[in-house]
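Structure first, then comments.
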Amino acid sequence: MIKLRTAALTDIGHLRTHNEDRYIQNDALGIYGVADGVGGLPGGEEAAQLAVDEITKAVQAMPPGALDLATAVQRANESVANLGHRLSPGMGIGTTLTFGVIRDGSIHLAHIGDSRCYVWHGGNIEAITRDHSVESDARVRRAKGEVVYYHQSNRNALTRCIGQPTPPEVDLLTRRLVPGERYLFCSDGVTRLIRDSELGEMIARDAEPADVLKDIVELANRSGGPDNSTGILIFVDEAK
């Protein structure tokens, strides 16, 4: 048997005038994740808020044993795209979406964009999502033997997001929870400023999740804080 300790924190940073990050920390439904409104487009706050609202509503309506996260994400995409037609007819709106649902001792992940989910266990940290960006996609295609070029100024541009006009491909993953594991969901306001190794060291500390998250966000801000930074931290403990 396991028990969970969870915490969530978001911060506007030092340069942005609005916080376009949103998070889900719903212990009753077991939903945890982040959405980060796409920079450069209007309506980032609205896109992220609608995405997390739609996912929460969809998961709440799913009966036990019938968890269909792909359909939930596609419905969220359609809702955000429709809102984009009203708010920004010429450009649309968009957001990343990375979240997990914990049921029956497993975490079920769904991911689109460049927010991330990490798992820490036994002293090692691993990103278990892949960024959907120009650079990351090029790396995957090159590993298959393709010749791919891109401009450095474009390397962080998203190749998938919630709100795009065509239904996005959703990355899905299910993992059995193991006591001692720690999961971090975070926006790129964290990952672009803090190395994975640093995140691993901070998550490994003997501290409460809220204290660890506070230190992570403070480090992002000390490193310049150019973007909103948001994290959800889940400690998987052995029930006693």
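The values are calculated or read from the model by the stated rules, or taken from the named source; none is laboratory data. Predicted, not measured: the structure shown is a model, and the values here were computed from it. Note that we place each Cβ from the backbone using ideal geometry, even for glycine, and neighbour counts take in every protein chain shown.
Tabulated results
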{"read-out": "1 or more residues of a type in the set (D, E) and at pLDDT 95 or above: qualifying strands (runs of 3 or more DSSP E) within region 121-218", "value": "124-127, 171-176"}
{"read-out": "Qualifying residue in region 220-231 (condition: in a helix (DSSP H, G or I), modelled with pLDDT of 95 or more and in contact with a strand residue (DSSP E or B) (Cβ under 8 Å, 6 or more places away or on another chain))", "value": "yes"}
{"read-out": "Matching residues, region 76-98, being in a helix (DSSP H, G or I) and in contact with an Asp or Glu (Cβ under 6 Å, 6 or more places away or on another chain)", "value": "A76, S79"}
{"read-out": "Residue among V101, V59 that alone is in contact with a strand residue (DSSP E or B) (Cβ under 9 Å, 6 or more places away or on another chain) and part of a helix (DSSP H, G or I)", "value": "V59"}
{"read-out": "Filter result for G94 (within 25 Å of S133 (Cβ to Cβ), without any contact (Cβ under 8 Å) to a residue 60 or more places away in the chain, buried (at least 21 other Cβ atoms within 10 Å of the Cβ) and among the small types (G, A, S))", "value": "no"}
{"read-out": "Residue check, I112 within 15 Å of D171 (Cα to Cα) and either free of Cβ contacts under 8 Å to residues at least 60 places away in the same chain or surrounded by 21 or more Cβ atoms within 10 Å (Cβ to Cβ) (or both)", "value": "yes"}
{"read-out": "Neighbours by Cβ (under 6 Å, 6+ apart or cross-chain): first from region 34-56, closer than 14 Å to G92 by Cβ; second in a helix (DSSP H, G or I) and of a type in the set (A, V, I, L, M, F, W, C)", "value": "G37/A47; G37/A48; G43/L87; A47/V80; L50/V80; L50/L83; A51/A76; A51/V80"}
{"read-out": "Residues of region 1-48 classified as of a type outside the set (V, I, T), assigned to a strand (DSSP E or B) and either within 13 Å of the chain's Cα centre (by Cα) or crowded, with 16+ Cβ neighbours inside 10 Å (or both), total", "value": "15"}
